[in-house]
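Let me begin by presenting the structure, written as structure tokens, before commenting on it.
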Protein chains: 2
Amino acid sequence: MTATSPPPADPPAVGGPPPEPMDLEAFRRNGHAAIDWIADHLATLEDRPVWSGVEPGEVRAGLPAHAPRDPEPFEDWLADLDEVVVPGLTQWQHPGWMAYFPANSSPASILGELVAAGMGVQGMLWSTSPAVTEVESTVLDWMVEELGLPASWRVDTGPGGGVIQSSASDATHTALVVARHRATQAGAAAEDCVAYASNQAHSSIEKGARVAGIGHVRLVEVDDAFALRQAALAAAVAADLEAGRTPVFVCSAVGTTGTTAVDPVRAIAEIARRHGMWHHVDAAYAGTAMLCGELRHHQDGLDLVDSYVTNAHKWLWTNFDCSLFWVADRGPLVDTLSIVPPYLRNAASESGAVVDYRDWHVPLGRRFRALKLWWVLRSFGVDGLRGRIRDHLDWAHDLADRLDADARFRVIAPTPFGLVSVCHADPGRNDDFLATVTAARDLGLAASEVDGQRFLRISIGATWTRREHVEQVWELLDRAA
Amino acid sequence: MTATSPPPADPPAVGGPPPEPMDLEAFRRNGHAAIDWIADHLATLEDRPVWSGVEPGEVRAGLPAHAPRDPEPFEDWLADLDEVVVPGLTQWQHPGWMAYFPANSSPASILGELVAAGMGVQGMLWSTSPAVTEVESTVLDWMVEELGLPASWRVDTGPGGGVIQSSASDATHTALVVARHRATQAGAAAEDCVAYASNQAHSSIEKGARVAGIGHVRLVEVDDAFALRQAALAAAVAADLEAGRTPVFVCSAVGTTGTTAVDPVRAIAEIARRHGMWHHVDAAYAGTAMLCGELRHHQDGLDLVDSYVTNAHKWLWTNFDCSLFWVADRGPLVDTLSIVPPYLRNAASESGAVVDYRDWHVPLGRRFRALKLWWVLRSFGVDGLRGRIRDHLDWAHDLADRLDADARFRVIAPTPFGLVSVCHADPGRNDDFLATVTAARDLGLAASEVDGQRFLRISIGATWTRREHVEQVWELLDRAA
């Protein structure tokens with residue numbers, strides 16, 4: 001593959017090629033090879049570095065200067081994966097992956113993506129492929145039950161309902177838009193609207209508020225465990241009201257991105273209700289762990305909130321994108337987002353007997369994303385998923401206890417879920433310590449900062465991680481300290 | 001599969017399951033079976049109805065009442081596809097699919113989706129998997145060349161750049177947000193901002209403006225060919241200025257959804273420039289056909305616009321989602337959307353040497369969507385894609401000519417691309433005619449309405465469509481008329 005092909009000219013019309021150059025027999029053959037390539041790739045990940053070593057521009061330099069004019073053999077596509085693409089990947093599926101959060105995938109989920117792509121259908125409306133909508137509604141109703149969410153959030157019986165969105169950022173943005181739309185419909189100016197979250201909340205709150213045109217975002221102070229202080233929120237709301245602004249939205253985080261801190265949902269709900277704010281819960285990372293009943297006390301108060309998001313594509317073995325978004329009442333959501341042009345009118349929608357998910361998010365088109373989640377549930381069984389999450393929790397707690405008991409380390413935040421937040425106990429040695437451990441190539445560890453304190457985030461929950469990898473982390477920390 | 005399983009309880013912790021119940025050898029075996037299932041499904045689509053015959057709730061009734069507690073065998077997953085899911089699909093990949101617009105897929109694209117899922121990496125930042133970003137930038141730069149777009153839209157050399165977004169609705173919403181943000185930063189109130197498009201523009205303009213909190217949308221009148229009237233736009237802008245409002249955004253459609261009408265881009269650009277409006281071009285459907293140089297006169301004036309979207313997942317053999325979005329200057333886009341929290345800081349981003357696509361759209365996480373587009377280009381070659389698009393154009397023009405020459409029919413709009421818009425010439429018989437042809441099960445035809453006129457949209461461009469299917473449409477129309 002070289003960059004020496006001539007620049008493209010626009011050739012004259014040619015007559016009658018077949019509809020597809022890779023016919024279905026070639027698809028079978030190449031598809032089997034692609035499956036084998038993935039199996040080999042995943043089986044050998046442990047022998048590869050987690051982090052790519054490429055420099056900016058290096059992958060591009062390995063690609064041709066122009067698009068291919070003529071068909072190229074499938075063998076070359078796979079060879080280029082190995083030679084050009086894989087060296088440029090950060091290996092989120094590596095068993096030693098403990099950076100950021102897990103980005104779970106699994107064999108069942110990969111096959112769900114494959115078959116959804118093979119079907120190639122569109123679920124924008126119920127009528128454009130009824131099974132896409134009904135499998136999604138059903139699987140999300142199952143998840144209400146398995147996660148212990150309020151029964152009124154079910155599509156089939158409740159006023160609420162769940163929908164798959166691309167990402168938690170999209171879901172949070174959607175909630176912000178509904179909050180702003182409701183307020184401006186009632187006469188408020190968008191630039192006077194205020195959204196609240198803790199100063200540990202994910203950047204998607206601030207970004208979503210900016211995208212939605214909400215004038216002000218208050219990042220409220222937190223306590224020693226990095227959880228939002230109820231009194232600080234109440235004071236911020238009071239100050240904004242005093243200044244003539246309109247509080248419209250508050251986010252409770254159940255598991256912040258920085259340290260997986262847990263905001264007091266019920267206490268925040270009281271303030272939200274008092275002032276008519278839309279109350280959104282961002283449980284992007286930790287929400288799926290609520291499969292385990294012993295964790296649910298962390299989100300007490302959900303009966304009082306307006307919307308909730310958790311990512312099956314983080315800690316539930318499902319490929320990105322698969323954000324599960326619920327609303328307690330689908331009315332305001334659909335009122336905000338529904339616009340029906342003539343080419344999308346149909347009898348089923350007008351009957352009111354069906355859900356049209358087009359009206360539940362910004363995009364119109366939608367993939368059959370529920371299939372992969374359904375297949376993950378079938379592959380593991382929900383009890384199997386619970387057991388695996390409990391393993392991760394055990395490993396994380398064991399590591400946190402071990403670090404806590406060692407005078408060289410300081411665990412800087414509680415470990416309610418699978419994330420251990422730790423720094424060197426000697427401030428003068430912390431930067432060197434972090435530099436050493438994040439330089440490891442066979443383990444994926446990333447540093448962050450909270451309140452001016454740099455620390456290591458050890459995120460345990462990747463699909464292929466075993467206890468021995470957590471042990472390797474301990475050994476690395478032990479050496480580096 | 002029945003609905004009689006007991007409701008779930010929360011079982012006690014279990015000890016040490018393996019990380020994944022479907023191991024990699026089972027993945028190989030099941031993966032080959034999934035590939036074969038897809039090949040068989042696609043090979044037999046022509047023998048199935050295009051439209052699903054299920055009633056609301058019918059698919060759900062075939063699913064269990066609760067999530068599976070224990071693993072289920074893969075054979076059951078495939079059996080349920082055949083028994084429960086496929087009967088509930090509208091078959092967008094059917095060779096007789098001519099409803100809405102094409103939703104192209106192809107063997108190469110399906111395998112690209114598969115391998116991207118198998119890799120399971122995240123492209124939110126350059127550093128989180130450099131190859132995801134660099135393949136995407138490179139392929140979008142290739143497309144600038146192949147589609148004849150302004151060279152300054154290339155990422156590598158220009159001030160502009162391209163990014164893959166989920167859908168044209170997302171891309172248009174993004175453009176609207178940048179326009180609103182720029183105006184409100186300069187002191188305008190969002191509720192006084194105005195967005196303009198023709199009354200034939202896609203509903204995503206109105207929806208995106210509502211989501212972005214832009215106070216007013218003007219749907220400007222069109223000429224006999226359903227293209228925006230320049231004078232009407234100028235008058236609408238003048239009236240808003242006179243009333244103290246702020247024009248911020250205008251959309252030119254190159255190929256409207258209703259009838260594929262083409263707005264005068266250069267004329268609209270003059271008005272946009274005069275008033276400092278963001279000028280977005282919605283070429284969601286028709287843009288990929290600009291591979292064929294003879295069509296590019298339809299979008300003369302692109303050197304003057306601010307953003308552009310076309311869907312590779314419509315008429316370019318690539319699976320949804322794959323919207324190609326370009327901006328002439330990436331500065332305002334990144335200024336609007338960039339927020340950098342501490343856990344995402346990294347040396348590569350701070351060097352300025354890389355693109356972080358997180359700042360080019362609302363979501364943070366992103367799949368490796370460029371891989372499937374690259375593989376489509378490798379499978380067909382761009383000359384092969386050009387040839388196939390020209391076939392579709394020929395078939396559409398031949399059908400339009402035949403209908404035009406027949407006194408029983410009235411072609412209600414020009415046929416610049418692959419869509420033929422036709423009704424019965426006798427207004428009294430039109431409803432019956434439309435009811436008959438849209439009731440066909442082996443061809444997918446859908447009716448729409450423009451200006452009170454109901455008509456049939458015959459959209460030619462599906463992956464597996466051959467000339468004989470267009471002939472079948474003619475025969476159906478002939479019989480029904």
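One residue stands out in the range B:40-63 among those that are more than 8 Å from every other protein chain (Cβ to nearest Cβ) and closer than 30 Å to A:ASP383 by Cα: the one that is least open to solvent (accessible area, probe 1.4 Å), namely B:GLY62. Report, by residue number, each residue of the range B:268-327 that is touching a His at 6+ places or on another chain (Cβ under 8 Å), in contact (Cβ under 8 Å) with a residue 60 or more places away in the chain, away from chain A (no Cβ under 13 Å) and open to solvent by 10 Å² or more (accessible area, probe 1.4 Å). Within the range B:268-327, B:ASP306 is the sole residue that qualifies. Scanning the range B:407-418 for residues that are without any contact (Cβ under 8 Å) to a residue 60 or more places away in the chain and surrounded by fewer than 20 Cβ atoms within 10 Å (Cβ to Cβ) gives B:ALA407, B:ARG410.
Looking only at the range A:17-39, which residues are at the interface with chain B (Cβ under 7 Å from one of its Cβ atoms), under 30 Å from B:ARG388 (Cα atoms) and open to solvent by 40 Å² or more (accessible area, probe 1.4 Å)? Within the range A:17-39, A:PRO21, A:ARG28, A:HIS32 qualify.
Looking across the range A:185-196, the residues that are in contact with a strand residue (DSSP E or B) (Cβ under 9 Å, 6 or more places away or on another chain), more than 7 Å from chain B (Cβ to nearest Cβ), not in a loop (DSSP other than H, G, I, E, B) and not aromatic (Phe, Trp, Tyr) come down to A:ASP192, A:CYS193, A:VAL194, A:ALA195.
Restricting attention to the range A:197-219, the residues that are surrounded by 24 or more Cβ atoms within 10 Å (Cβ to Cβ) and more than 14 Å from chain B (Cβ to nearest Cβ) add up to 0. The criterion of being more than 19 Å from the chain's Cα centre (by Cα) and within 8 Å of chain A (Cβ to nearest Cβ) does not hold for B:ASP170.
Of the residues A:ALA131, A:ALA67, A:ALA117, the single one that is at the interface with another protein chain (Cβ under 7 Å from one of its Cβ atoms) and part of a loop (DSSP other than H, G, I, E, B) is A:ALA67.
Quick grid of which residues meet (1) farther than 19 Å from A:GLY162 by Cβ; (2) out of contact with any Gly (no Cβ under 9 Å at 6 or more places or on another chain):
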{"residue": "A:LEU241", "(1), (2)": "yes, yes"}
{"residue": "A:GLY258", "(1), (2)": "yes, yes"}
{"residue": "A:ASP263", "(1), (2)": "yes, yes"}
{"residue": "A:ILE268", "(1), (2)": "yes, no"}
{"residue": "A:ILE271", "(1), (2)": "yes, yes"}
{"residue": "A:HIS275", "(1), (2)": "yes, yes"}
{"residue": "A:TRP278", "(1), (2)": "no, yes"}
{"residue": "A:ALA286", "(1), (2)": "no, no"}
{"residue": "A:ASP303", "(1), (2)": "no, yes"}
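Checked against the criterion of being of a type in the set (S, T, N, Q) and in a helix (DSSP H, G or I), the candidates B:SER252, B:SER204 yield just one match: B:SER204. Please find, within the range A:75-114, the residue that is farthest from B:GLU20 (Cα to Cα) out of those that are within 7 Å of another protein chain (Cβ to nearest Cβ) and free of Cβ contacts under 8 Å to residues at least 24 places away in the same chain. Only one residue fits best here, namely A:TRP77. Of the set (1) more than 26 Å from the chain's Cα centre (by Cα); (2) at pLDDT 95 or above, all apply to A:ALA43 but (1).
Checking each residue in the range B:452-471 for being touching a residue at least 12 places away in the same chain (Cβ under 8 Å) and open to solvent by 40 Å² or more (accessible area, probe 1.4 Å) picks out B:GLN453, B:ARG454, B:TRP464, B:ARG466, B:ARG467. When A:ALA232, A:ALA261, A:ALA239 are checked against the criterion of being surrounded by fewer than 20 Cβ atoms within 10 Å (Cβ to Cβ) and more than 28 Å from B:ALA188 (Cα to Cα), A:ALA232 stands alone in meeting it. Residues in the range B:145-167 that are more than 8 Å from chain A (Cβ to nearest Cβ) and under 20 Å from B:ASP356 (Cβ atoms): 12 in all. It is to be established whether one or more residues within the range B:247-256 are more than 14 Å from chain A (Cβ to nearest Cβ), polar (S, T, N, Q), over 17 Å from B:ALA168 (Cα atoms) and touching a strand residue (DSSP E or B) at 6+ places or on another chain (Cβ under 9 Å). No, the range B:247-256 contains no residue that is more than 14 Å from chain A (Cβ to nearest Cβ), polar (S, T, N, Q), over 17 Å from B:ALA168 (Cα atoms) and touching a strand residue (DSSP E or B) at 6+ places or on another chain (Cβ under 9 Å). Looking across the range B:209-238, the residues that are part of a strand (DSSP E or B) and among the aliphatic types (A, V, I, L, M) come down to B:VAL217, B:LEU219, B:VAL220, B:VAL222, B:LEU228.
For the range B:355-369, the condition of being at negative phi, in contact with a His (Cβ under 8 Å, 6 or more places away or on another chain) and crowded, with 21+ Cβ neighbours inside 10 Å holds for at least one residue. Among the residues of the range B:88-121, those that are open to solvent by 10 Å² or more (accessible area, probe 1.4 Å), in contact with a Lys or Arg (Cβ under 7 Å, 6 or more places away or on another chain) and farther than 28 Å from B:SER448 by Cα comprise B:GLU113, B:ALA116. hydroxyl-bearing (Ser, Thr, Tyr) and surrounded by fewer than 23 Cβ atoms within 10 Å (Cβ to Cβ): is that true of A:SER421 in this structure? No, not satisfied.
In the range B:370-388, the residues that are more than 7 Å from chain A (Cβ to nearest Cβ) reach residues that are modelled with pLDDT of 95 or more and open to solvent by 10 Å² or more (accessible area, probe 1.4 Å) with C-beta atoms within less than 6 angstrom, at least six apart or across chains, in these pairs: B:LEU371/B:ALA116; B:LYS372/B:GLU113. Here the range A:150-172 is the region considered, the condition is being of a type outside the set (Ser, Thr, Tyr) and surrounded by fewer than 24 Cβ atoms within 10 Å (Cβ to Cβ), and the residue that is nearest to A:ASP303 (Cα to Cα) is A:PRO150.
The values are calculated or read from the model by the stated rules, or taken from the named source; none is laboratory data. Predicted, not measured: the structure shown is a model, and the values here were computed from it. Quick reminder, even Gly has a Cβ in these numbers, built from the backbone with ideal geometry, and neighbours come from all protein chains shown. Note: areas computed on protein heavy atoms with side chains; ligands, DNA, RNA excluded. Shrake-Rupley method; radii C 1.70, N 1.55, O 1.52, S 1.80 Å.
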